[in-house]
Amino acid sequence: QTSMQQLTSSMGEISTAMVQQYTLERSKDSHYAANYDLRLMKALFSHAVRLKVIKENPVDGVPFLPVEKKTKYVPSAEDIDKVIAVADPDTQDYLWVIRETMARVGEINAITWDDVDLDSRYVTLYTRKKKGGNRTPRKVGMTQKLFEILWRRHATRDPEKPWVFWHTYHSSKTGELKEGPYQDRKRFMKTLCTKAGVKYFRFHALRHSGASIMDNNNVP
C-alpha cells in the first residue's frame, strides 16, 4: 500500500509542461524517437487513469512531432535476381524463400520441417506482429519455385535438425560451437548488393517487391 501511495504521488507530480519539455529534449535525437516515447507515455498514463492511480493524463493534448515520411525503396525484380545470383547456394535458397513467401525474416528463420506440408503445398508461418503479441500462425501456399526449393532441401536434410535453415556458430555466452536456427542475417545483404552492383536493399524490401509485382499483375 505504501508503494502504491508513493507511485501515485510520483505520477501525480508529472505535469503536461514536463512532458512537453521532455519531448522537446528527446526530439534533439530525432522526431521519431520523441514520438515513440510520447506514444508509450500516452499508453502508460491512460492505464494509470483507468486504474485510478492518477486523476488526469498529463500527456493528453501533447501533439506528436511532425516527421518527414520517406518513400520506401523497392528493388526491381532484375536487381533482386542479380543479388540472388551472386549468393552461395544456401543463401540463394534463403532469399528465394523470403521472396516467394513475402515473409518477415524472423518468420523464415523460425520455420521447421513440421511447418512445411509438401503434400498440400503450403508453409505455416508464425508471427508476433498481431495485437497482443501472441504467436499467430498463417498458411502460405507454395509457388512452384518454393515447392522445388523446399522439396530439394527436405530430401537432403539432416533428420536430426528440425529447422529448414540453420547454421553452426559459437555461443556468445559459453564460446562453445553450437547448431541452431539463424537469429539475425542483416550483414551479408550489403555485401551481396555491392557484389551484384545494385542499390543496397534489405530483406524487408523483398516483401514490398513481391507486393508490387502482384499489384502490377492485377492480383488483389
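The values are calculated or read from the model by the stated rules, or taken from the named source; none is laboratory data. None of these values were measured; they are calculated from a predicted model. Cβ: placed from backbone, ideal geometry, glycine included. Neighbour counts: every protein chain shown. Heavy atoms of the whole protein, side chains included, go into the accessibility calculation; ligands, DNA and RNA do not. Shrake-Rupley method; radii C 1.70, N 1.55, O 1.52, S 1.80 Å.
The table below lists the values:
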read-out: Selection from region 68-83 of residues that are closer than 13 Å to residue 193 by Cα and without any contact (Cβ under 8 Å) to a residue 40 or more places away in the chain; value: 78, 81
read-out: Only listed residue being within 19 Å of the chain's Cα centre (by Cα) and either assigned to a helix (DSSP H, G or I) or over 30 Å from residue 122 (Cβ atoms) (or both), chosen from 84, 108, 80, 54; value: 108
read-out: Condition check for residue 78: of a type outside the set (Val, Ile, Thr) and surrounded by 20 or more Cβ atoms within 10 Å (Cβ to Cβ); value: no
read-out: Boolean, residue 46 is among the small types (Gly, Ala, Ser) and either open to solvent by 100 Å² or more (accessible area, probe 1.4 Å) or touching an Asp or Glu at 6+ places or on another chain (Cβ under 9 Å) (or both); value: yes
read-out: Criterion (of a type in the set (Lys, Arg) and part of a loop (DSSP other than H, G, I, E, B)) met by exactly one of 145, 161, 139; value: 161
read-out: Complete set of residues in region 156-177 that are free of Cβ contacts under 8 Å to residues at least 24 places away in the same chain and surrounded by 13 or more Cβ atoms within 10 Å (Cβ to Cβ); value: 161, 166, 167, 169
read-out: Single match in 120, 172 (criterion: within 23 Å of the chain's Cα centre (by Cα), outside any strand (DSSP E or B) and not hydrophobic (A, V, I, L, M, F, W, C)); value: 172
read-out: Considering residues of region 86-103 that are open to solvent by 50 Å² or more (accessible area, probe 1.4 Å) and in contact with a helix residue (DSSP H, G or I) (Cβ under 7 Å, 6 or more places away or on another chain) only, the residue modelled with the lowest pLDDT; value: 96
read-out: Any hit, region 132-141, residues being open to solvent by less than 60 Å² (accessible area, probe 1.4 Å) and within 30 Å of residue 78 (Cα to Cα); value: yes
